1. Quickly run through segment 356-393 and pick out the residues that are surrounded by 23 or more Cβ atoms within 10 Å (Cβ to Cβ) and either touching a Ser or Thr at 6+ places or on another chain (Cβ under 7 Å) or at pLDDT below 85 (or both).
2. Residues that are of a type in the set (Lys, Arg): find the strands (runs of 3 or more DSSP E) completely inside segment 234-344 holding 2 or more of those.
3. What number of residues within segment 84-130 are of a type in the set (Phe, Trp, Tyr) and buried (at least 17 other Cβ atoms within 10 Å of the Cβ)?
4. Somewhere in segment 103-119, is a residue of a type in the set (Gly, Ala, Ser) and in contact with a Pro (Cβ under 9 Å, 6 or more places away or on another chain)?
5. Hey, among the residues in segment 391-416 that are β-branched (Val, Ile, Thr) and in contact (Cβ under 8 Å) with a residue 40 or more places away in the chain, which one's nearest to residue 359 (Cα to Cα)?
6. Pairs please, first residue from segment 77-98 and under 28 Å from residue 297 (Cβ atoms), second anywhere and assigned to a strand (DSSP E or B) and of a type in the set (S, T, N, Q), Cβ atoms under 6 Å, 6+ apart in sequence or on different chains.
7. Is there a residue being surrounded by 10 or more Cβ atoms within 10 Å (Cβ to Cβ), farther than 30 Å from residue 310 by Cβ and at pLDDT 80 or above anywhere in segment 67-83?
8. Hey, can you tell me all the residues within segment 275-297 that are of a type outside the set (A, V, I, L, M) and surrounded by fewer than 20 Cβ atoms within 10 Å (Cβ to Cβ)?
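The values are calculated or read from the model by the stated rules, or taken from the named source; none is laboratory data. Predicted model, so just to flag it, every value in this text is computed and none were measured. Every residue, glycine among them, receives a Cβ derived from its backbone with ideal geometry; neighbour counts consider all protein chains shown.
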Amino acid sequence: METELKGLRIDRSRKRSDEPSPWAVRFIVAGITLFVLLGAARFIYGRLNAATPVDIVRVRAAAPAAGGQGNVILNATGYIVAAHKIELAAKVIGKVAWIGVDKGNKVKAGQVLVRLEDDEYRANELAARGNLETLQARLAEAEHGSRPEEIAKAKADVDQARADLENARVTLQRTRAMVNDAILAKQALDDAQARFDSAAAKVASLDRSYELVRLGPRQEEIDALRAQVSQAKGTLDYARVQLDNTVIRAPIDGTILERNVEKGEFVTTGFVGDKGAKGYVVSLADLNDLEVELDINQNDFGKLGPRQPGIVTTDAYPDRKYQGAITEISPEANRQKATVQVKVKVLNPDDYLRPEMNASVAFYSPDKPGARQTESKPMVTVPASAVRDGGVFVVVNGKALHKAVKVVGTTSQGVQVAEGLIGGEDIIANPPADLKDGQKVRPRQG
């Protein structure tokens, strides 16, 4: 058994004839490694030379700003504003009963815009009118004096009292004689004397009353009644004005810029909260009286003067030009911005202009005899993010080429470039931070 087991052992010292040689193994490993290296190199080369996706925009050149009006001395940007914007408020408090305009409506001076509830004001006006009529009646009575019937009655009372006085006098004389003859007691004489004195006093009183009735009221009483009538007229006029103030009318011809109230909302003349009563009902302005509000850098302010002419253009309608002139210069500068505010009146506005639009003004020197006309260069507007290191990247044949530009202004659409671009170029709107001059680029998908 032991001999047989020894015969079954594998002889490790002998090599099998079908095993590959070491050199063959080395060649196979080297080939595989070379293939892997070539693939990696190709991948890295492709990544390094791939076109970078970027946002590309095409710039457009605006027409020369001055339009041949002279030499352009300064370009500035600002906003169009209404020269006189009116926030129309109510003079009285109350709820809105009716509103007849909406934003953008054109209105005429005197046109009814809003009506407030007026029941309370009508009641006040009625009460004031009744009080005035009462006082006027009393004044008329005083001015006309007593009626003939009243005078006749007063005279009749005096005559009656005098008749009673005569009867009392006769009775007194008869009683005195009878007392002297000891027919009547002394008490009867005292009673007769008292009746006579009372009748005499009554005659005197009625006589004075008759004289007052005949003369009429005193002048001072008439003057007091006249003063009360004047006061009542003032109260009535005030009540009528308050009633009229519940109807709010347009003060000028213009356009409604904002409608601030709705039916049922409360309008006040006092303190106004964010969610409380409204302080004004509508705002309107005459859109034929527009200005461009500009902030001029203090370094450029010396180039301008009163009534300085300029050409106004807007970002919305760059092909439309409007004549303008400086009408207002702020008497003080802005310390934080280092600017001076200037307002340019638009001399020939039309329906294309709207308040709060962006606008550019090209100030120029008026033509003078012997002055040499110079053609102003076209202005190009590019996104502000496109400018980097004093230039922009222009896309030419799939490559980004850095080109220096001169920035002269800023608008809501971007920055204005006076030199370096002529319009029609494709530029990179937001170049990556690692973008190099001459690097391949391609438009970003979507």
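1. Hits for segment 356-393 are 359, 360, 379, 380, 381.
2. none
3. Of all residues in segment 84-130, those of a type in the set (Phe, Trp, Tyr) come to 98, 121.
Okay, now just the ones that are also buried (at least 17 other Cβ atoms within 10 Å of the Cβ), so 121.
Matching residues across segment 84-130 total 1.
4. Initial filter on segment 103-119 (of a type in the set (Gly, Ala, Ser)): 104, 109-110.
In the following step, the residues that additionally are in contact with a Pro (Cβ under 9 Å, 6 or more places away or on another chain) were identified as 109-110.
Checked segment 103-119: at least one residue is of a type in the set (Gly, Ala, Ser) and in contact with a Pro (Cβ under 9 Å, 6 or more places away or on another chain).
5. Initially, segment 391-416 is screened for residues β-branched (Val, Ile, Thr), giving 392, 394-396, 405, 407-408, 410-411, 415.
This time we only want the ones that are in contact (Cβ under 8 Å) with a residue 40 or more places away in the chain, so: 395, 408, 410-411.
On the way: 395: 30, 408: 15, 410: 11, 411: 8 Å.
The qualifying residue nearest to residue 359 (Cα to Cα) is 411.
6. Taking only residues 6 or more apart or on different chains, the pairs are 77/360; 77/411.
7. The first filter runs over segment 67-83 and keeps only residues surrounded by 10 or more Cβ atoms within 10 Å (Cβ to Cβ), leaving 67-83.
Restricting the remaining residues to those that are farther than 30 Å from residue 310 by Cβ gives none.
For segment 67-83, residues surrounded by 10 or more Cβ atoms within 10 Å (Cβ to Cβ), farther than 30 Å from residue 310 by Cβ and at pLDDT 80 or above: absent.
8. 275, 276, 278, 279, 280, 283, 286, 288, 289, 293, 295, 297 - these are the residues of segment 275-297 that are of a type outside the set (A, V, I, L, M) and surrounded by fewer than 20 Cβ atoms within 10 Å (Cβ to Cβ).
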